[in-house]
Amino acid sequence: MVVLSKPAIEHFCIVKASKPSPILPDSIPLIDLSKPDSKNLLVKACQDFGFFKVINHGVPTEFISKLESKAVKFFSLPLSEKEKAAPPDPFGYGNKSIGSNGDVGWVEYLLLTTSPQFNYHGLASNIGENPEKFRCAVNDYVSSVKKMACEILELLADGLKIQQRNVFSKLLMDEQSDSVFRLNHYPPCPEFQELNGGNLIGFGEHTDPQIISVLRSNNTSGLQISLRDGNWISVPPDQNSFFINVGDSLQVMTNGRFKSVRHRVLANSLKSRVSMIYFGGPPLSEKIAPLPSLMQGEDSLYKEFTWFEYKKSAYKSRLADNRLVLFEKI
Ligand code: GA4
């Protein structure tokens, strides 16, 4: 076991403990997808927070637990074994380094594309077991979560009174959809004891570039979202629910009506956190622009761009950067 000295831990981005938020975590919108009024609550949650929790989501528990146990098994392998999987450029195993521009966090992860053409053998000859079984567990989980994400996007289109209810969901359903799946493991860090009254950053603050992100974690806390006033609130973990983030692309398609939420994950000194996130993105050639039916005489806040252009620019950015500013009209 590698024992880190205090200076080494300090390297992992300690942030000062933020002042307590005036808003209770209970205020995080909770949407029951089986209720008839969910579409209006979804629209409100996307406008007010860009973030909400869903229950009655229809994702089978067995898909969740099967994949979680495979993830736990993989992350418990010795580092030398995990490192035999390809590095995450763009898909593979990463440890403490996020993206390629110098961001670090107390996290290890597997980053995968959801493309059916993706060959798991290069990556997964070393994911600790039969690559086909691993691929199956990912596919079952991702297909089911994607179905739920599409249902949410269709309810949002209804709630926004857009006639074409698949206007958002068709982008995820497209065979060329550029979607990503990520398994994160935030190991406990017992050496870290409230250093300088701060927090140990697992995954630094950022917004997600895609349309929608669907997160599920085990029962360890850590996820925080930023409110409009800049305060951070902790999201109580709930392994039976999903947490949904509005991504930058959905913010643009709604001409800023929905907000992509800034979020981050703090590592825990005692408990391990495992999360799985599906990032639903459009095809690379897709133009990302406000929907005409939402404009009602207003001007677009954004320049025209394709998802390919946005993604290219995003991959040159640092995690905490506001990636949309480059595409805003002055
Ligand atoms: C944030 C959302 C997803 O995790 C991700 C991340 C990606 C990466 O880990 O490679 C990025 C980050 C994310 C945005 C800016 C760039 C790219 C790390 C980074 C510094 C997979 C994604 O699509 O964008």
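Peptide packing: for 152-165, 317-330, the average count of neighbouring Cβ atoms within 10 Å per residue gives the ranking 152-165, 317-330, highest mean first. Separation of the alpha carbons by more than 24 angstrom is noted, of LYS96/LYS312; LYS53/LYS303; LYS161/LYS287; LYS82/LYS316; LYS44/LYS312; LYS73/LYS316, for LYS53/LYS303; LYS82/LYS316; LYS44/LYS312; LYS73/LYS316.
Peptides 176-186, 209-219, 97-107, ordered by how many other C-beta atoms sit within 10 Å of their residues on average, highest first, read 209-219, 176-186, 97-107. Per-residue extension of 0.36 nm, minus the Cα-Cα distance of SER97 and GLN47, leaves a gain of 14.8 nm for this segment.
Computed with a 1.4 Å probe on the full set of protein chains, the accessible area for ASP299 sits at about 120 Å². Multiplying the residue separation of SER65 and LYS170 by 0.36 nm and removing their Cα-Cα distance gives an extension gain of 35.0 nm.
Shape summary: the chain maps onto an equivalent ellipsoid whose semi-axes, from the alpha-carbon gyration tensor, are 30, 23, 20 Å in decreasing order. The long axis of helix 38-48 is offset from the longest Cα principal axis of the chain by roughly 70 degrees. Against the main long axis of the alpha-carbon atoms of the chain, helix 61-75 sits at an angle near 40°. Were the residues from LYS84 through VAL325 laid out at 0.36 nm apart, the gain over their Cα-Cα distance would be 83.0 nm.
Is the C-alpha gyration tensor of the stretch 261-330 telling us rounded, prolate or oblate? Criteria: a/c under 1.5 is rounded; beyond that, a/b larger than b/c is prolate, otherwise oblate. The shape class here is prolate. Ratio of Rg to Rh for the stretch 181-295: 1.04 [Cα atoms; Kirkwood radius as inverse mean 1/r over pairs]. Helix 131-159 and the longest principal axis of the Cα set of the chain meet at an angle near 30°.
Taking +1 at the Cβ of each Lys and Arg and -1 at the Cβ of each Asp and Glu, which of ASN101, ILE28, SER269 sits farthest along the dipole of the chain towards its positive end, judged by Cα position relative to the Cα centre? So the residue furthest toward the plus end is SER269. Relative contact order for the chain: 22 percent, from Cα pairs under 8 Å spaced at least 6 residues apart, divided by residue count.
The label point for ASP32 and the one for LYS161, both projected 7 Å from the Cα toward the Cβ, are 2.7 nm apart.
The values are calculated or read from the model by the stated rules, or taken from the named source; none is laboratory data. Keep in mind it's a predicted model, so treat the numbers as computed, not measured. All Cβ positions, glycine included, derive from the backbone under ideal geometry; neighbour counts span all protein chains shown. Each accessible area value is taken on the protein alone, full model and side chains, heavy atoms only, with ligands, DNA and RNA left out. Shrake-Rupley method; radii C 1.70, N 1.55, O 1.52, S 1.80 Å.
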